[in-house]
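**Q** Pasting a structure below so you can have a look.
The values are calculated or read from the model by the stated rules, or taken from the named source; none is laboratory data. Here the structure is a predicted model, which is why all the values come from computation and not from measurement. Here the Cβ positions follow ideal geometry from the backbone for every residue, glycine too, while neighbour counts run over all protein chains shown. Just so you know, the surface numbers come from the protein's heavy atoms only, side chains and all, with ligands and any DNA or RNA stripped out. Shrake-Rupley method; radii C 1.70, N 1.55, O 1.52, S 1.80 Å.
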Amino acid sequence: MKISLVLATLGRDVEVADFLKSLVYQTYRDFELIIIDQNQDGKIDKIVEQYKSSLVMQHIKVNFTGNARARDFGIGFAQGRIVAFPDDDCAYDKDVLKKVTAEFKKRPNLSILVAGSYDFSSSRFSIGVNSDSAQYFSRFNMMGVEFTHFFNRKRIEAKDFHLDHDFGIGSKYSGGEGFELLYRLLRAGNIAFYTPEIKIYHPDKDHYKLGTGRMLMYSTGVGAYIRKFANQQDVFMLYYIVRKMFVAPLLKMLLAMLFLNPKKLAYSFYNLVGIWRGFLAYES
């Protein structure tokens, strides 16, 4: 069961080296790495050269930017049955790919497998939606974040397996590209399973102590993908409008006020502002 890892990268080098190093130590070896390099200055050339003899990989340089567009472009080079989109600042536990293939073999009807996101710790979760319990999930409780998703192309219609270029860093609406794809595939009837036993490491950046700018930027993508499916008269979006655009952010703001936490209050406020900004601005 061959795995294709499509790595879109721009502006990072040390983090890319750390990810490649984590691949060298993978206990499962039937995989390929496809690097879609958006740097114009040869930033990672020496790093790629260093690992060329240790990994099966393609280093493809492009003259465009945009995370979703780069990942989508990389799909065209993928030879594997399983495809994933690791971030250029994440790292894999040594048994990630071994456990991924084991889960897909164990669950032959599975289209999407989701790993846990950990803050370079074996016990503390990082960004995305995580849980201590393994579970099947639907579009009402979508799990993970884009770099923790693994897709079984044998179970997914080829016409559905693409990213919307309007979403993600470097695009019209920052963020949201992973959940836009996940929601669309779940709506089409694909089966998804989450397990925290598969550990992918990523720094925890979804935290109010890091400031509000990141939250404002990424939450616009959330609002935009809600609007995209609402425009398609998807009635299930009513649930997300109520939850994401009213209840959750207002509840978080209320709790922040009760506990006299002004930074968390500002963080939750900008989450609300960003979602509404993306919702109102969205154009297909």
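**Q** Rounded, prolate or oblate: pick one for the range 60-198, where a ≥ b ≥ c are the square roots of the eigenvalues of its C-alpha gyration tensor, a/c under 1.5 means rounded, and failing that, prolate if a/b is larger than b/c, else oblate.
**A** rounded
**Q** Order the peptides 25-36, 164-175 from the highest to the lowest mean number of other Cβ atoms within 10 Å of their residues.
**A** In decreasing order of mean packing, 25-36, 164-175 become 164-175, 25-36.
**Q** How much length is gained on full extension from Glu49 to Arg124, taking 0.36 nm per residue of separation minus their Cα-Cα distance?
**A** 23.6 nm
**Q** Something else now. Using +1 on the beta carbon of Lys and Arg, -1 on that of Asp and Glu, and nothing else charged, what's the dipole of the range 198-239 about the Cα centre, debye to 20?
**A** Here the size comes out at about 120 debye.
**Q** Near Lys105, which lysines are there with a Cα under 22 Å away, not counting those fewer than 8 places off in the same chain?
**A** List returned: Lys2, Lys94, Lys154, Lys199.
**Q** Taking N as the number of residues in the chain, what value does Rg over Cα atoms divided by 2.2 N^0.38 Å take?
**A** Cα-based Rg divided by the globular estimate yields 0.98.
**Q** Something else now. Averaged per residue, what accessible surface does the range 81-138 expose to a 1.4 Å probe, in Å²?
**A** Computed with neighbouring chains in place, this is 40 Å² per residue.
**Q** Of the peptides 17-23, 178-184, how do they stack up when ordered by the mean number of other Cβ atoms within 10 Å, highest first?
**A** 178-184, 17-23
**Q** Then there is this: Once you charge only the Cβ atoms, +1 for Lys and Arg and -1 for Asp and Glu, what is the size of the charge dipole of the range 116-197 about its Cα centre, to the nearest 20 debye?
**A** 280
**Q** Please state the charge dipole magnitude for the chain, taken about the Cα centre, from unit charges on C-beta atoms (+1 on K and R, -1 on D and E), reported in debye and rounded to the nearest 20.
**A** 600
**Q** Sticking with this structure for a sec: Taking only DSSP H segments of four or more residues, each worth -39500 (n - 2.57), what value at 222 nm results for the chain once the sum is divided by all its residues, to the nearest 500 deg cm²/dmol?
**A** -11500 deg cm²/dmol
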